[in-house]
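K.L.:
Quick one: the structure is below, and I'll ask about it shortly.
The values are calculated or read from the model by the stated rules, or taken from the named source; none is laboratory data. Note that the structure is predicted; figures quoted are calculated from it, not measured. Using ideal geometry, Cβ is built from the backbone for each residue, glycine included, and neighbour counts are taken over all protein chains shown.
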């Protein structure tokens with residue numbers, strides 16, 4: 001579920017996971033009713049691992065909330081997450097984890113941490129994210145108010161909670177394993193830059209998930225749900241036109257407009273739409289289009305996102321888009337460079353893991369205080385939404401369906417059994433990448449999301465560590481869905497690392513390819 005930020009341009013959010021098809025069902029809960037599964041949980045039909053996970057989370061509660069609140073107070077954009085990544089690393093080291101990789105896969109703010117006990121045993125991974133978004137800074141108040149970093153940057157996608165829940169789950173699972181002398185390895189992947197060129201894709205290219213038995217993740221949302229939803233595969237391209245400048249009034253015939261090439265490309269994309277599959281998505285912005293109307297622009301650029309239900313189909317459409325770009329260049333006597341710089345796989349669901357997550361979600365004490373509900377209703381009033389408050393019911397397992405959004409968790413899911421779920425940390429009806437998400441993330445609403453998600457993942461992680469049949473079932477479902485296909489990275493050959501990494505971080509991490517103009521000092 002990836003959104004993109006190219007310098008000042010933020011693209012479409014990756015967060016349609018678990019939303020569109022179930023929004024009406026969520027609103028129907030009114031923030032009050034409880035599901036059939038929760039009623040059974042209330043009656044005592046709860047696995048011991050769920051109760052033990054909640055106790056383990058309570059024991060590490062302070063560390064989880066430190067992560068969430070400190071990251072919220074120090075929002076940083078993708079590739080700039082120096083403080084945020086160090087907060088996670090500090091807490092992981094204090095909890096007994098070893099940082100086995102820094103600057104992982106060429107990304108300075110990515111890392112890997114590990115803890116092991118006993119000989120051999122399963123390996124379970126967790127996927128914390130911690131980057132923020134531009135323009136979404138907000139105080140922990142139910143109205144537009146500048147936050148700790150003003151309004152420039154804020155956690156409008158809830159990554160402060162997401163990261164705290166995933167890292168906190170590792171802490172709690174470690175405690176459960178120590179208490180019961182369970183052998184195995186817990187691995188925490190510091191997943192930098194999810195909102196741009198997600199580190200997970202680069203890590204998957206380097207084979208860093210291949211030896212896991214399973215990987216678990218969650219995401220803040222307006223409802224509580226998991227399911228067999230698939231997200232779309234995706235490619236991202238920069239279409240750059242080069243022409244020849246001239247005076248637009250005196251001698252325009254001497255020029256060749258790069259802007260006209262870009263505009264004709266956009267027109268060509270519109271003529272494609274009639275013949276695209278219902279699962280295909282094309283969306284783009286003009287990132288460069290000239291500066292002055294009396295100068296024929298010699299440079300223009302379009303940033304386009306291409307999505308479809310799997311890699312084969314998204315690559316097919318990408319080829320067509322490339323042909324349109326070349327045709328527009330021929331028609332305008334300009335030249336074009338098609339730079340395919342990033343891509344994602346579709347998300348493979350895992351029925352075994354989804355069903356086990358559902359059991360642990362049903363065991364959660366999803367209770368909101370009246371103050372929390374009023375905070376949510378105030379946010380809804382401010383945004384002209386029905387005052388339905390916060391959802392407290394767990395929805396039934398969602399059916400298998402492909403959504404229009406994308407996530408770099410998809411590339412993890414093509415390398416190991418993977419599952420993801422959503423918990424309510426924002427008012428019903430509120431979309432991600434908005435100021436109420438930032439506001440709620442700095443309150444007890446966000447705290448509960450971090451703690452509850454950690455309990456679900458720790459409980460499921462413990463079940464995987466101790467139940468060979470569960471692991472075998474998850475692997476069988478994974479193999480069936482892979483159908484013998486070998487994972488091929490969607491990154492173009494020769495792509496070393498993402499664009500936009502600050503120069504001082506490249507220098508700090510000692511990468512060999514230093515920015516132009518910098519000399520290595522021995």
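K.L.:
For residue 339, state whether it is in the same structural domain as residue 225 (by TED's automatic domain parsing), modelled with pLDDT of 95 or more and under 31 Å from the mean Cα position of the chain (by Cα). Full working, then the answer.
P.N.:
Numbers: in the same structural domain as residue 225 (by TED's automatic domain parsing): no; modelled with pLDDT of 95 or more: yes; under 31 Å from the mean Cα position of the chain (by Cα): yes.
Spelling it out, it is not the case that residue 339 is in the same structural domain as residue 225 (by TED's automatic domain parsing), modelled with pLDDT of 95 or more and under 31 Å from the mean Cα position of the chain (by Cα).
K.L.:
Determine whether residue 364 is over 16 Å from the mean Cα position of the chain (by Cα), under 30 Å from residue 478 (Cβ atoms) and in contact (Cβ under 8 Å) with a residue 40 or more places away in the chain. Walk me through it before giving the result.
P.N.:
Details: over 16 Å from the mean Cα position of the chain (by Cα): yes; under 30 Å from residue 478 (Cβ atoms): yes; in contact (Cβ under 8 Å) with a residue 40 or more places away in the chain: yes.
Against the criterion (over 16 Å from the mean Cα position of the chain (by Cα), under 30 Å from residue 478 (Cβ atoms) and in contact (Cβ under 8 Å) with a residue 40 or more places away in the chain), residue 364 qualifies.
K.L.:
Then there is this: In the stretch 305-345, what residues are within 30 Å of residue 396 (Cα to Cα) and crowded, with 24+ Cβ neighbours inside 10 Å?
P.N.:
Narrowing the stretch 305-345 to residues within 30 Å of residue 396 (Cα to Cα): 307-311, 344-345.
Residues satisfying the conditions are 307, 308, 344, 345.
Yes or no, residue by residue, for (1) within 16 Å of residue 162 (Cα to Cα); (2) part of a loop (DSSP other than H, G, I, E, B); (3) without any contact (Cβ under 8 Å) to a residue 40 or more places away in the chain:
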position: 404; (1), (2), (3): no, yes, no
position: 433; (1), (2), (3): yes, yes, no
position: 438; (1), (2), (3): yes, no, no
position: 455; (1), (2), (3): yes, no, no
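K.L.:
Check 470, 507, 519 and return the single one that is modelled with pLDDT under 95, in a helix (DSSP H, G or I) and either out of contact with any strand residue (DSSP E or B) (no Cβ under 8 Å at 6 or more places or on another chain) or assigned by TED's automatic domain parsing to the domain that holds residue 106 (or both).
P.N.:
Working: 470 fails: modelled with pLDDT under 95; 519 fails: in a helix (DSSP H, G or I).
Result of the check over 470, 507, 519: 507.
K.L.:
Here's something else I'd like to know. Can you pull out every residue in the stretch 159-188 that is more than 27 Å from residue 82 (Cβ to Cβ), out of contact with any helix residue (DSSP H, G or I) (no Cβ under 7 Å at 6 or more places or on another chain) and either free of Cβ contacts under 8 Å to residues at least 40 places away in the same chain or in a helix (DSSP H, G or I) (or both)?
P.N.:
178, 179, 180 - these are the residues of the stretch 159-188 that are more than 27 Å from residue 82 (Cβ to Cβ), out of contact with any helix residue (DSSP H, G or I) (no Cβ under 7 Å at 6 or more places or on another chain) and either free of Cβ contacts under 8 Å to residues at least 40 places away in the same chain or in a helix (DSSP H, G or I) (or both).
K.L.:
Quick one: in the stretch 307-336, of everything that is under 24 Å from residue 418 (Cα atoms) and part of a strand (DSSP E or B), which residue is farthest from the chain's Cα centre (by Cα)?
P.N.:
Initially, the stretch 307-336 is screened for residues under 24 Å from residue 418 (Cα atoms), giving 307-315.
Pick out the ones that are also part of a strand (DSSP E or B) and you get 307-308.
Numbers: 307: 16, 308: 18 Å.
Ranking the qualifying residues of the stretch 307-336, first place goes to 308.
K.L.:
Test of understanding: among 298, 308, which residue is touching a residue at least 24 places away in the same chain (Cβ under 8 Å), within 25 Å of residue 251 (Cα to Cα) and either outside the structural domain of residue 406 (by TED's automatic domain parsing) or out of contact with any strand residue (DSSP E or B) (no Cβ under 8 Å at 6 or more places or on another chain) (or both)? First the steps, then the outcome.
P.N.:
Details: 308 fails: within 25 Å of residue 251 (Cα to Cα).
From the options 298, 308, the qualifying one is 298.
K.L.:
Given 89, 64, which one is in contact (Cβ under 8 Å) with a residue 12 or more places away in the chain and surrounded by fewer than 24 Cβ atoms within 10 Å (Cβ to Cβ)? Please lay out each step first, then the result.
P.N.:
Values: 64 fails: surrounded by fewer than 24 Cβ atoms within 10 Å (Cβ to Cβ).
Result: 89 is the single residue among 89, 64 that is in contact (Cβ under 8 Å) with a residue 12 or more places away in the chain and surrounded by fewer than 24 Cβ atoms within 10 Å (Cβ to Cβ).
K.L.:
Let me ask something additional. Take residue 100 and decide whether it is farther than 20 Å from residue 441 by Cβ and in contact with a helix residue (DSSP H, G or I) (Cβ under 7 Å, 6 or more places away or on another chain).
P.N.:
Numbers: farther than 20 Å from residue 441 by Cβ: yes; in contact with a helix residue (DSSP H, G or I) (Cβ under 7 Å, 6 or more places away or on another chain): no.
No, not satisfied.
K.L.:
Now a separate question. Have a look at 121, 156 and point out the one that is within 26 Å of residue 372 (Cα to Cα), at pLDDT 95 or above and touching a strand residue (DSSP E or B) at 6+ places or on another chain (Cβ under 9 Å). First the steps, then the outcome.
P.N.:
Working: 121 fails: within 26 Å of residue 372 (Cα to Cα).
Step by step, each of 121, 156 is checked, and only 156 is within 26 Å of residue 372 (Cα to Cα), at pLDDT 95 or above and touching a strand residue (DSSP E or B) at 6+ places or on another chain (Cβ under 9 Å).
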